[in-house]
Amino acid sequence: MHMIAATFGLAAATFLASAVEFVEAFTIVLAMGLGRSWRAALTGTAAAVLALTAVTAVAGVALTQWVSESVLQLVIGTLLLLFGLQWLRTAIMRAGGLATLRDEQAAFRAEQEAGRLAGHQVRLGLDWMAFVVSFKGVFLEGLEVVFIVITFGLSATRYNPHGLLVASGSAVLAGLLVAVVGVIARRPLSAVPENTMKYVVGLLLTSFGTFWAVEGLGYFGNGESLPWPGQDWAILGLVVGGLGLSRLAVAGLRRTIKTPANLGDVESCASSSCS
């Protein structure tokens, strides 16, 4: 039962985090496909996926074979914590009204306008602008997915020897779902609650990152992982504590925004998204 719960949590967290990144990548590819060339956009997407697959395989094998468990927990936990805090900061500022919510329609229009103004250059029989922008967009967004897959997958291997496979499968499922829905809709997926998903994922990444980083501190002692009170139940406490603190932060930001003296600063921050 414990392994089933841990595996489900791993799959859910990876799926949500990956879906957020794939929605943003899909917006870029859609803009290039409709505005420039579908052939170039899809070729760039395929090339990025192949590169990401290679990065995942090499990094996963290297970390598994050459890094001890306690060091792996410390490194992965620290990176997850930093990554999660970045997502959580953005989500809190958006929920508090200090930063604008991401608008996929606006992002789509901006990408299309940039594509319209760019010159037309053909390389290898492809619209080079559409190819490069699609490759870059999918690869950069995908790198975050790879990072999440590797960190969650490797950390879950102590519960499930197939943890990396579960995480990879969840990410692939998220990508396929976004692609299928996007192809059917033929427009940016602005109806997806991306900001809420980013809030949830930020909490999960921060909580798991804190848990694993503290466990990994045992490397500086006897070389073994430090135990948490309540063991894995401590993760639930971290999630609840993080949710409470983040809601307090959101409430504080909203009260600050209502102060007339701060309205100018808020408008300036919102225009730049404060990210």
Against the condition within 27 Å of residue 206 (Cα to Cα) and of a type in the set (A, V, I, L, M), how does residue 129 come out, does it pass? no
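Test residue 133 against the stated conditions and say whether it is closer than 17 Å to residue 34 by Cα, among the β-branched types (Val, Ile, Thr) and either in contact with a His (Cβ under 7 Å, 6 or more places away or on another chain) or in contact (Cβ under 8 Å) with a residue 12 or more places away in the chain (or both).
Details: closer than 17 Å to residue 34 by Cα: yes; among the β-branched types (Val, Ile, Thr): yes; either in contact with a His (Cβ under 7 Å, 6 or more places away or on another chain) or in contact (Cβ under 8 Å) with a residue 12 or more places away in the chain (or both): yes.
Yes.
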Within the range 218-237, can one find any residue that is buried (at least 19 other Cβ atoms within 10 Å of the Cβ) and modelled with pLDDT of 85 or more? no
Could you figure out which of (1) modelled with pLDDT under 80; (2) assigned to a helix (DSSP H, G or I); (3) open to solvent by less than 50 Å² (accessible area, probe 1.4 Å) isn't true of residue 138? (1)
Of the candidates 44, 9, 60, 33, the one satisfying the condition of being out of contact with any Gly (no Cβ under 6 Å at 6 or more places or on another chain), farther than 30 Å from residue 244 by Cα and at pLDDT below 75 is 60
Picking from 261, 270, 251, the residue that is open to solvent by less than 50 Å² (accessible area, probe 1.4 Å) and at pLDDT below 75 would be 270
Selection status of residue 107, touching a residue at least 40 places away in the same chain (Cβ under 8 Å) and surrounded by 22 or more Cβ atoms within 10 Å (Cβ to Cβ): no
Of everything in the range 110-132, what is surrounded by 20 or more Cβ atoms within 10 Å (Cβ to Cβ) and either charged (D, E, K, R) or closer than 19 Å to residue 238 by Cα (or both)? Give them in sequence order. 111, 127
State the number of residues belonging to the range 188-216 that are open to solvent by 40 Å² or more (accessible area, probe 1.4 Å) and modelled with pLDDT under 80. 4
Tally the residues that are among the aliphatic types (A, V, I, L, M), open to solvent by less than 30 Å² (accessible area, probe 1.4 Å) and modelled with pLDDT under 75, restricting the search to the range 63-100. 2
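The values are calculated or read from the model by the stated rules, or taken from the named source; none is laboratory data. This one's a predicted model, so the numbers in the text were calculated from it and none came from an experiment. Using ideal geometry, Cβ is built from the backbone for each residue, glycine included, and neighbour counts are taken over all protein chains shown. What goes into the accessible areas is simple: the full protein's heavy atoms, side chains included, and nothing from ligands, DNA or RNA. Shrake-Rupley method; radii C 1.70, N 1.55, O 1.52, S 1.80 Å.
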